[in-house]
Amino acid sequence: MRKSILHRTTIAVVAVLLLVPVLLGVLKNTVIPHPKAHETHEEHEAHEHGGEDES
Amino acid sequence: MQKGVMRVLLYLFFVTLPVWFTTWFGAKAEGILHDVAINFALVGFMMLTFQFLLAARVKWIERTFGLDMLIRYHKYVAVAAAGFLILHPILLALSHGSLTLLIGSNLPWYIWVGKAALILVIANVLISIYQSRMGLKFEKWRMIHDLLAPTILVLIFVHPWFAGDDLEHFPIQALWIIMSLMAGWMFIYHRFLRPKQLAGHPYRVTEVQQEAGNVWTVKLAPSAGQHIADYLPGQFHFLTFYREPGLPVEEHHWTISSSPAQKDYISSTIKAVGDFTKTIPETRPGDTATVHGSFGRFSHVLHPHERNLVFLAGGIGITPLMSMLRHMRDTDDGRSVLLLYGNRTEKDIVFRDELEAIETGKRPDLTVVHVLSGAGKDWAGETGHVDRERIEKYCGIDLSKRIFYVCGPQKMAEALIKSLLEMGVLKSRIRQEIFSFLN
């Protein structure tokens with residue numbers, strides 16, 4: 001019956017929509033190399049060096 | 001089925017697209033809790049923008065699922081989207097280890113915009129769920145919904161644009177703008193442009209006929225040079241009547257009761273019970289109406305190989321079934337149909353003479369059984385309700401070859417479907433249209 005198909009589909013869709021943000025949130029913080037991460041590292045180093053120069 | 005799955009996968013792809021984008025092109029990682037909070041907001045935003053598409057009666061989507069199912073999905077998804085958006089500030093506050101975001105007053109203006117959006121989303125969902133229990137009339141609810149929806153769209157566009165680091169990146173900015181424009185366009189087209197287009201080719205009321213008691217059939221013919229768009233027997237359409245001053249101009253949906261084989265007019269048979277429908281008898285030939293449709297998947301035409309049908313109808317629920325029976329008659333369709341038709345009294349039976357004529361004509365091979373719950377002493381037919389006992393009496397014990405079409409008052413339909421399932425009928429062999437979108 002269409003109504004039960006709708007209910008099952010909605011539950012499946014919402015489950016996927018819950019899982020994807022959680023999974024990608026975890027992946028972003030663990031395994032995915034992020035261009036910004038590299039940039040940040042360089043900025044951090046530059047800042048550190050700058051700090052040393054100033055002192 | 002395959003088309004339906006493809007469309008659901010497309011929906012999932014687009015709704016999660018900004019999350020994929022931010023994962024690879026967005027701001028730097030700021031901790032799992034923080035990033036999940038942002039991702040939930042992105043998904044919530046996309047779900048809300050897609051709400052405009054789902055509600056806009058887009059044929060490409062509707063024809064696969066049926067408008068009744070789409071509107072129901074629209075309603076369920078609104079609750080889920082509200083859930084995602086509620087989780088967003090809670091998880092952010094947890095990730096910061098501070099409740100300032102939730103209860104603080106010294107916050108930037110764009111945070112207040114986000115809070116306002118969240119409050120309006122929750123209000124919109126609650127008003128829609130409790131509309132009937134609040135005694136809110138459909139037209140008033142629709143007006144509130146039409147005001148809240150675009151306001152929410154603007155707020156959920158503005159809030160992350162200024163608050164989120166991710167919106168500083170071009171792919172996400174582009175997606176944000178495209179989705180917001182799409183949603184805005186859908187709203188404007190659905191609520192303003194299309195009604196204007198339809199009003200440019202109005203139908204003309206040619207006849208208003210009393211069928212029984214407070215049941216009326218309104219026949220409509222297209223304006224000169226126009227033709228009636230194709231429709232399936234059993235489908236419904238949206239009508240807006242333009243009548244003498246003082247009579248309400250509101251859009252309502254009704255089942256089409258005419259046969260698509262009849263090309264001169266299209267008709268709806270309407271029970272005058274509500275505030276608006278009570279004015280239907282005041283409709284006169286020569287009045288005009290806009291017709292938007294047709295919609296729905298409650299039709300035997302979609303299942304041409306099914307030959308053994310049982311129609312279970314109650315009261316005005318006969319209308320889509322009548323359209324199907326008329327179509328079978330007009331197309332010389334000889335399939336077998338058993339109609340169990342419940343009413344209170346003989347006077348309440350709609351289309352009684354025409355049903356008898358179709359039964360006599362044997363096209364389709366129709367058997368009509370009237371069941372009256374308040375029958376007079378003269379009534380020699382079935383008394384009581386269309387129920388399990390009646391189904392077993394006329395269909396026998398083995399129901400495995402039958403296909404059931406159920407249409408009638410909600411409680412009756414629910415009770416019948418429950419009985420059919422208890423009798424071992426597969427869900428796939430029970431057809432029902434949910435005509436009341438807001439229930």
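The values are calculated or read from the model by the stated rules, or taken from the named source; none is laboratory data. Since the structure is predicted, the reported quantities are computational estimates derived from the model, not experimental observations. Here Cβ is always computed from backbone atoms with ideal geometry, including for glycine, and neighbour counts include all displayed protein chains.
Return the only residue of A:Lys3, A:Lys36 being facing chain B (nearest Cβ under 8 Å), at pLDDT below 85, in a helix (DSSP H, G or I) and in contact with a Gly (Cβ under 9 Å, 6 or more places away or on another chain). First the steps, then the outcome.
On the way: A:Lys3 fails: in contact with a Gly (Cβ under 9 Å, 6 or more places away or on another chain).
Selected residue: A:Lys36, the only one of A:Lys3, A:Lys36 that is facing chain B (nearest Cβ under 8 Å), at pLDDT below 85, in a helix (DSSP H, G or I) and in contact with a Gly (Cβ under 9 Å, 6 or more places away or on another chain).
Condition test on B:Arg335, is it assigned by TED's automatic domain parsing to the domain that holds B:Glu414, within 20 Å of B:Gln235 (Cβ to Cβ) and free of Cβ contacts under 8 Å to residues at least 40 places away in the same chain? Please lay out each step first, then the result.
Working: assigned by TED's automatic domain parsing to the domain that holds B:Glu414: yes; within 20 Å of B:Gln235 (Cβ to Cβ): yes; free of Cβ contacts under 8 Å to residues at least 40 places away in the same chain: yes.
Taking the combined requirement at face value, the residue satisfies it.
Count of the range B:233-246 residues, restricted to those that are part of a loop (DSSP other than H, G, I, E, B) and over 22 Å from B:Ala261 (Cβ atoms), is 4.
Are there any helices (runs of 4 or more DSSP H) wholly within the range B:1-112 with 3 or more residues that are more than 23 Å from B:Asp165 (Cα to Cα), and if so which?
On the way: elements: B:2-25, B:32-54, B:59-65, B:67-96, B:100-103.
Of the helices (runs of 4 or more DSSP H) lying wholly inside the range B:1-112, those with at least 3 residues that are more than 23 Å from B:Asp165 (Cα to Cα) span B:2-25, B:32-54, B:59-65, B:67-96.
All conditions in (1) over 14 Å from B:Leu48 (Cα atoms); (2) in contact with a Gly (Cβ under 6 Å, 6 or more places away or on another chain) hold for B:Leu85, with the sole exception of (1). For beta carbons closer than 6 Å, sequence separation of 6+ or different chains, a first residue in the range B:416-430 that is within 12 Å of chain A (Cβ to nearest Cβ) and over 21 Å from B:Gly317 (Cα atoms) and a second that is among the aromatic types (Phe, Trp, Tyr) and loosely packed, with under 12 Cβ neighbours inside 10 Å, there are no qualifying pairs.
Evaluate the range B:128-143: report whether one residue or more is farther than 26 Å from B:Glu250 by Cα and either touching a Pro at 6+ places or on another chain (Cβ under 6 Å) or not in a loop (DSSP other than H, G, I, E, B) (or both).
To start, the set of residues in the range B:128-143 that are farther than 26 Å from B:Glu250 by Cα comprises none.
No, the range B:128-143 contains no residue that is farther than 26 Å from B:Glu250 by Cα and either touching a Pro at 6+ places or on another chain (Cβ under 6 Å) or not in a loop (DSSP other than H, G, I, E, B) (or both).
Does the range B:391-405 contain any residue that is in a loop (DSSP other than H, G, I, E, B), hydroxyl-bearing (Ser, Thr, Tyr) and within 18 Å of B:Gly317 (Cβ to Cβ)? The answer is no, given that none of the residues of the range B:391-405 is in a loop (DSSP other than H, G, I, E, B), hydroxyl-bearing (Ser, Thr, Tyr) and within 18 Å of B:Gly317 (Cβ to Cβ).
Among the residues of the range B:9-32, those identified as facing another protein chain (nearest Cβ under 9 Å), surrounded by fewer than 18 Cβ atoms within 10 Å (Cβ to Cβ) and not charged (D, E, K, R) are B:Leu12, B:Trp20, B:Trp24, B:Phe25, B:Gly31, B:Ile32.
Each row is one residue, and each column tells you yes or no for (1) loosely packed, with under 15 Cβ neighbours inside 10 Å; (2) at positive phi; (3) touching a residue at least 60 places away in the same chain (Cβ under 8 Å).
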{"site": "B:Leu136", "(1), (2), (3)": "no, no, no"}
{"site": "B:Ile152", "(1), (2), (3)": "no, no, yes"}
{"site": "B:Gly164", "(1), (2), (3)": "no, no, yes"}
{"site": "B:Gly184", "(1), (2), (3)": "no, no, yes"}
{"site": "B:Gly213", "(1), (2), (3)": "no, yes, yes"}
{"site": "B:Lys219", "(1), (2), (3)": "no, no, no"}
{"site": "B:Thr240", "(1), (2), (3)": "no, no, no"}
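For the range B:322-360, the set of residues classified as within 20 Å of B:Gln262 (Cβ to Cβ) and assigned to a loop (DSSP other than H, G, I, E, B) consists of B:Thr331, B:Asp332, B:Asp333, B:Gly334, B:Arg335, B:Val350, B:Phe351, listed by residue number. Within the range B:196-204, identify whether any single residue is in a strand (DSSP E or B) and surrounded by 15 or more Cβ atoms within 10 Å (Cβ to Cβ), and answer yes or no. Scanning the range B:196-204 turns up at least one residue that is in a strand (DSSP E or B) and surrounded by 15 or more Cβ atoms within 10 Å (Cβ to Cβ).
Looking across the range B:138-150, the residues that are surrounded by 13 or more Cβ atoms within 10 Å (Cβ to Cβ) and among the hydrophobic types (A, V, I, L, M, F, W, C) come down to B:Phe138, B:Trp141, B:Ile144, B:Leu148, B:Ala149. Each residue in the range B:265-283 was checked for being part of a loop (DSSP other than H, G, I, E, B) and closer than 15 Å to B:Val215 by Cα, and 6 of them qualify.
Let me spell it out: the conditions are (1) at positive phi; (2) more than 8 Å from chain A (Cβ to nearest Cβ), and B:Phe45 meets all of them except one. Which number is the exception? Of the numbered conditions (1) at positive phi; (2) more than 8 Å from chain A (Cβ to nearest Cβ), the odd one out for B:Phe45 is (1).
Within the range B:223-232, can one find any residue that is buried (at least 18 other Cβ atoms within 10 Å of the Cβ), in a strand (DSSP E or B) and not basic (Lys, Arg)? Scanning the range B:223-232, I find no residue that is buried (at least 18 other Cβ atoms within 10 Å of the Cβ), in a strand (DSSP E or B) and not basic (Lys, Arg), so the answer is no. When the range B:51-83 is filtered for residues that are within 11 Å of chain A (Cβ to nearest Cβ), more than 16 Å from B:Gln432 (Cα to Cα) and charged (D, E, K, R), only B:Lys75 remains. When the range B:244-259 is limited to residues that are surrounded by 15 or more Cβ atoms within 10 Å (Cβ to Cβ) and among the small types (Gly, Ala, Ser), the one that is nearest to B:Ala272 (Cα to Cα) turns out to be B:Ser257.
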